[in-house]
Amino acid sequence: MPYLPFAYMTSITWSIIFSSALIDSINPCAFAVLIFLIMYLNAIKNRRTMLVIGAVYIFMIYVVYFLAGLGLLSFVSSVHISNFFYIFTATLSIFFGLINIKNGFFDEKPFLAIPESKKIILQKYIKKATLPAALILGVLVAIFELPCTGGVYLAILSLLADKSSYSAAVVYLLFYNLIFILPLILILLSVYFGLPPEKFEKWRQGKKRVLRLFLGLFLVGLGLLMFFI
């Protein structure tokens, strides 16, 4: 049984899953690599090739995120530590939120971001611009960007482990990750139908602080919700 502060939240809702996934999806980290990949493909390949390679990249992000979430959910459920995991992720959500708020207010190098050393590896696969490279790139990006996108995901996994059955949690995870990749799909299709990728990059650069601030506020709110509702 969960501790008293959690007893009133008896189930998770589709609105919580949708809003959390949507907030998670607009993280600047999630956009950056796809935009750079499209910009490179747009310069050297035809649009159909760009669409196929971009789609493979996005699909691999979906698969890796889903499998990582499913693995963690299965582990937490099997060892019966959902209550401890709940408390830990609620605290972590608030901590990550405060870091993002700090980065939003002060124009400094974000702590929760893809490390510079990893960006060099990603650039190598971006420049290959092949289907195998897109497969590898999707896997690497999903792993490397976890520090800046994992806060919301961990909180949702904690809620699923504590507030829903395993079968329901799997369905929620499938839906969550679909919403998570939705902006990436929209960006890819927009460029395919003629919108310059440079516009997305200009928007991403101009809104990074606002997005981090917004994400931070959401993470703090989600963490407090987990503790007190």
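Computed quantities for the displayed model
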{"quantity": "Region 90-107, residues that are modelled with pLDDT of 70 or more and either outside any helix (DSSP H, G or I) or over 25 Å from ALA32 (Cβ atoms) (or both)", "calculated": "ALA90, THR91, ILE94, PHE106"}
{"quantity": "Qualifying residue in region 164-171 (condition: over 17 Å from GLY97 (Cα atoms), modelled with pLDDT under 85 and not aromatic (Phe, Trp, Tyr))", "calculated": "yes"}
{"quantity": "Filtered residue count, region 147-201, keeping only those that are farther than 28 Å from VAL220 by Cα and charged (D, E, K, R)", "calculated": "2"}
{"quantity": "Count of residues meeting criterion [more than 15 Å from LEU184 (Cβ to Cβ), assigned to a helix (DSSP H, G or I) and in contact (Cβ under 8 Å) with a residue 60 or more places away in the chain] in region 30-47", "calculated": "4"}
{"quantity": "Those residues of region 61-103 which are crowded, with 20+ Cβ neighbours inside 10 Å, within 14 Å of TYR166 (Cβ to Cβ) and among the β-branched types (Val, Ile, Thr), in sequence order", "calculated": "VAL76"}
{"quantity": "Enumeration of residues in region 16-48 that are of a type outside the set (Phe, Trp, Tyr), at pLDDT 85 or above and surrounded by fewer than 16 Cβ atoms within 10 Å (Cβ to Cβ)", "calculated": "SER19"}
{"quantity": "Among the residues listed as PRO183, PRO147, PRO110, PRO115, the single one being under 18 Å from VAL64 (Cα atoms), of a type outside the set (A, V, I, L, M), modelled with pLDDT under 80 and under 21 Å from the mean Cα position of the chain (by Cα)", "calculated": "PRO147"}
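Each row is one residue, and each column tells you yes or no for (1) surrounded by 20 or more Cβ atoms within 10 Å (Cβ to Cβ); (2) under 30 Å from ASN46 (Cβ atoms).
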{"position": "VAL141", "(1), (2)": "yes, yes"}
{"position": "GLU145", "(1), (2)": "yes, yes"}
{"position": "TYR172", "(1), (2)": "yes, no"}
{"position": "PHE175", "(1), (2)": "no, no"}
{"position": "GLU198", "(1), (2)": "no, yes"}
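The values are calculated or read from the model by the stated rules, or taken from the named source; none is laboratory data. As the structure is a prediction and not an experimental result, all values here were calculated from the model. Neighbour counts are summed over all protein chains in view; Cβ atoms, including those assigned to glycine, are modelled from backbone coordinates with ideal geometry.
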